[in-house]
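Peer 1: This is the structure I want to talk about, given as structure tokens.
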Amino acid sequence: DVKVTQSSRYLVKRTGEKVFLECVQDMDHENMFWYRQDPGLGLRLIYFSYDVKMKEKGDIPEGYSVSREKKERFSLILESASTNQTSMYLCASSLVSAGTNEKLFFGSGTQLSVL
Amino acid sequence: AQKVTQAQTEISVVEKEDVTLDCVYETRDTTYYLFWYKQPPSGELVFLIRRNSFDEQNEISGRYSWNFQKSTSSFNFTITASQVVDSAVYFCALSEAWGAQKLVFGQGTRLTINP
């Protein structure tokens with residue numbers, strides 16, 4: 001089975017801190033994604049990556065950056081954390097297949113609280 | 001722009017009742033994919049079904065069934081004879097057929113099955 005592992009389940013940070021959220025997948029997937037989940041808003045895409053060192057902005061990239069130096073690892077960076085970034089962060093990965101859209105595999109999420 | 005609407009924020013039923021979760025989508029694409037995911041209390045989203053826009057056949061998997069109607073842009077999910085283990089947040093999602101194949105999610109429906 002595909003495993004998507006997020007480094008922390010819960011994280012508490014202070015306003016202004018630089019925060020790193022790490023995600024690792026073990027099935028050689030090309031695509032990786034970072035979503036944030038907020039009540040009433042569902043999941044919103046922050047950034048995605050379709051190859052090593054390649055990245056594209058999603059719907060809400062402001063205040064975030066990403067890094068993908070290796071195929072299996074996709075990091076989300078909050079340069080200067082703010083209270084409105086308190087949220088559940090979900091990492092996902094998927095294969096690239098010709099002619100169809102593959103399903104996403106998700107990690108268990110990181111609940112980030114910014115105080 | 002693509003959009004998914006799950007108008008039911010929360011549903012609560014008694015065990016063994018049938019329940020339908022509604023999903024309405026908007027897209028200008030003629031080729032697209034629709035998904036349903038389940039998020040149990042553990043937090044990890046679990047894939048339930050994928051359907052492409054050219055396949056309008058309804059699907060049944062055990063107690064789960066899906067009704068896809070392009071004419072009304074709906075992709076509804078029915079659980080028959082619900083069980084307590086079905087309690088979760090359910091998300092409907094839409095993805096473009098080309099490009100990075102990222103998912104746009106609805107707001108989610110929290111389903112509670114009471115014993």
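Peer 1: Do we have B:Val89 as closer than 20 Å to A:Leu90 by Cα, free of Cβ contacts under 8 Å to residues at least 24 places away in the same chain and in contact with a Pro (Cβ under 9 Å, 6 or more places away or on another chain) here?
Peer 2: So B:Val89 fails the test.
Peer 1: Can you tell me how many residues in the stretch A:97-113 are surrounded by fewer than 19 Cβ atoms within 10 Å (Cβ to Cβ) and in contact with a Phe, Trp or Tyr (Cβ under 7 Å, 6 or more places away or on another chain)?
Peer 2: Qualifying residue count, the stretch A:97-113: 1.
Peer 1: OK, next. Could we say that A:Ser93 is open to solvent by less than 20 Å² (accessible area, probe 1.4 Å), out of contact with any Gly (no Cβ under 7 Å at 6 or more places or on another chain), more than 8 Å from chain B (Cβ to nearest Cβ) and among the polar types (S, T, N, Q) here?
Peer 2: Spelling it out, A:Ser93 is indeed open to solvent by less than 20 Å² (accessible area, probe 1.4 Å), out of contact with any Gly (no Cβ under 7 Å at 6 or more places or on another chain), more than 8 Å from chain B (Cβ to nearest Cβ) and among the polar types (S, T, N, Q).
Peer 1: Being free of Cβ contacts under 8 Å to residues at least 60 places away in the same chain, β-branched (Val, Ile, Thr) and in contact with a Leu (Cβ under 6 Å, 6 or more places away or on another chain) is the requirement here; does A:Val66 meet it?
Peer 2: yes
Peer 1: Out of the residues in the stretch B:9-38 that are of a type in the set (Val, Ile, Thr) and farther than 16 Å from B:Arg50 by Cβ, state the one that is modelled with the lowest pLDDT.
Peer 2: Here the residue is B:Thr30.
Peer 1: Is one or more of the residues making up the stretch B:4-15 open to solvent by 20 Å² or more (accessible area, probe 1.4 Å), among the charged types (D, E, K, R) and within 23 Å of A:Glu30 (Cα to Cα)?
Peer 2: No: zero hits.
Peer 1: Looking at (1) open to solvent by 40 Å² or more (accessible area, probe 1.4 Å); (2) of a type in the set (Gly, Ala, Ser); (3) within 13 Å of another protein chain (Cβ to nearest Cβ), find the lone condition where B:Ser53 falls short.
Peer 2: (1)
To keep it simple, each residue is scored yes or no on (1) under 21 Å from B:Glu59 (Cα atoms); (2) open to solvent by 30 Å² or more (accessible area, probe 1.4 Å); (3) within 14 Å of chain A (Cβ to nearest Cβ).
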residue: B:Ser74; (1), (2), (3): yes, no, no
residue: B:Thr80; (1), (2), (3): yes, yes, no
residue: B:Val84; (1), (2), (3): no, yes, no
residue: B:Tyr90; (1), (2), (3): yes, no, yes
residue: B:Ala93; (1), (2), (3): yes, no, yes
residue: B:Gln107; (1), (2), (3): no, yes, yes
residue: B:Thr112; (1), (2), (3): no, yes, no
residue: B:Pro115; (1), (2), (3): no, yes, no
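Peer 1: I would also like to ask the following. Can you tell me which residue in the stretch A:39-63 is modelled with the lowest pLDDT, limited to those that are over 16 Å from B:Val4 (Cβ atoms) and facing chain B (nearest Cβ under 7 Å)?
Peer 2: A:Tyr50
Peer 1: Okay, moving on. Restricting the search to the stretch B:28-50, which residues are hydroxyl-bearing (Ser, Thr, Tyr), within 13 Å of chain A (Cβ to nearest Cβ) and farther than 25 Å from A:Val4 by Cα?
Peer 2: Within the stretch B:28-50, B:Thr31, B:Tyr32 qualify.
Peer 1: Here's a follow-up. Out of the residues in the stretch A:65-87 that are within 10 Å of the chain's Cα centre (by Cα) and within 14 Å of another protein chain (Cβ to nearest Cβ), state the one that is surrounded by the fewest Cβ atoms within 10 Å (Cβ to Cβ).
Peer 2: The selected residue is A:Val66.
Peer 1: Can you tell which of B:Tyr32, B:Tyr37 is within 12 Å of the chain's Cα centre (by Cα) and not β-branched (Val, Ile, Thr)?
Peer 2: Going through B:Tyr32, B:Tyr37 in turn, the sole match is B:Tyr37.
Peer 1: Looking only at the stretch B:71-115, how many residues end up being at pLDDT 95 or above and charged (D, E, K, R)?
Peer 2: 2
The values are calculated or read from the model by the stated rules, or taken from the named source; none is laboratory data. Keep in mind that this is a model prediction, so the values were computed, not measured. A quick note on method: Cβ atoms are made from the backbone with ideal geometry, for glycine too, and the neighbour counts reach across all protein chains shown. Note: accessible area is taken over every heavy atom of the protein model, side chains too, but ligands, DNA and RNA are not part of it. Shrake-Rupley method; radii C 1.70, N 1.55, O 1.52, S 1.80 Å.
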